[in-house]
1. Which of the residues belonging to region 142-201 are at pLDDT below 85, hydrophobic (A, V, I, L, M, F, W, C) and assigned to a loop (DSSP other than H, G, I, E, B)?
2. Going by the structure shown, is residue 78 more than 23 Å from the chain's Cα centre (by Cα), more than 30 Å from residue 181 (Cβ to Cβ) and either modelled with pLDDT under 95 or surrounded by 12 or more Cβ atoms within 10 Å (Cβ to Cβ) (or both)?
3. Could you say which residue among 41, 25, 55 is modelled with pLDDT of 95 or more, in the same structural domain as residue 88 (by TED's automatic domain parsing), on the phi > 0 side of the Ramachandran plot and surrounded by fewer than 20 Cβ atoms within 10 Å (Cβ to Cβ)?
4. Is it the case that residue 60 is outside any helix (DSSP H, G or I) and either aliphatic (A, V, I, L, M) or surrounded by 13 or more Cβ atoms within 10 Å (Cβ to Cβ) (or both)?
Amino acid sequence: MEQSPDWTARVSRTIAHEVRRHRTGRGMSAQQLADACEALGAPMPRTVISNLENGRRGSITVAEVMVLAAALDVPPATLVFPVGHVDEVEYLPGQSVPPLAAVEWWHGLLAPASSPLALLRRHRDLEVRIRNLYRGIWEQAIAEYQWHGEPDGPEAEAARDVARDLTTQLHELRDEIARRGLRLPALAGLDKVTPLPPGGDRALAR
């Protein structure tokens with residue numbers, strides 16, 4: 001089935017309108033926006049931008065949306081789905097939702113838990129939580145002038161227990177990622193973010 005030309009035209013018009021809104025809101029001329037695009041390594045002449053905004057150019061590529069968003073310092077999805085400016089957006093032909101829901105769909109926030117995107121996001125979140133726990137242990141030790149040996153005390157031990165549990169979860173998740181044939185995220189440098197207790201980095205280096 002061919003996609004609706006009316007829908008694609010409406011999407012392009014929305015993007016053009018949002019480009020103009022963000023450009024003028026920043027006090028940028030079309031030439032300044034063109035210069036910003038060129039500085040990013042993706043030249044877009046002023047005439048192209050003007051033709052897009054004025055409706056004389058009825059289509060826009062994904063690459064152009066990306067570079068315009070970067071030049072305007074806005075998330076690309078907000079050029080397609082104007083959050084805060086409309087009540088609904090037609091994210092697919094004949095299918096309308098609130099713009100925030102469309103942005104969440106665009107960013108994969110609604111992806112199934114078993115999807116590669118969800119697995120890799122969970123990996124990142126676990127890694128960040130482990131880093132923060134060990135950082136907190138050592139920051140507390142420094143604040144209390146415990147410079148010798150491993151930080152102790154009930155709070156430090158409780159944090160280590162949580163970190164060990166999260167590390168186990170991270171192992172299991174990395175095993176699942178490997179079984180799925182996906183590229184494992186690197187863990188190198190974790191011990192440089194914050195000093196780890198003895199053995200803490202060995203558990204994460206697997």
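The values are calculated or read from the model by the stated rules, or taken from the named source; none is laboratory data. Please read these numbers as outputs of a predicted model, since none were measured by experiment. Every residue, glycine as well, gets a Cβ built from its backbone with ideal geometry; the counts of neighbours run over all protein chains shown.
1. Hits for region 142-201 are 147, 187, 188, 196.
2. no
3. The conditions single out 41.
4. So residue 60 fits the description; yes.
Here's the yes/no breakdown for (1) surrounded by fewer than 17 Cβ atoms within 10 Å (Cβ to Cβ); (2) touching a residue at least 12 places away in the same chain (Cβ under 8 Å); (3) assigned to a helix (DSSP H, G or I); (4) not assigned by TED's automatic domain parsing to the domain that holds residue 186:
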| site | (1), (2), (3), (4) |
| --- | --- |
| 102 | no, yes, yes, yes |
| 120 | yes, yes, yes, no |
| 127 | no, yes, yes, no |
| 130 | no, yes, yes, no |
| 134 | no, yes, yes, no |
| 138 | no, yes, yes, no |
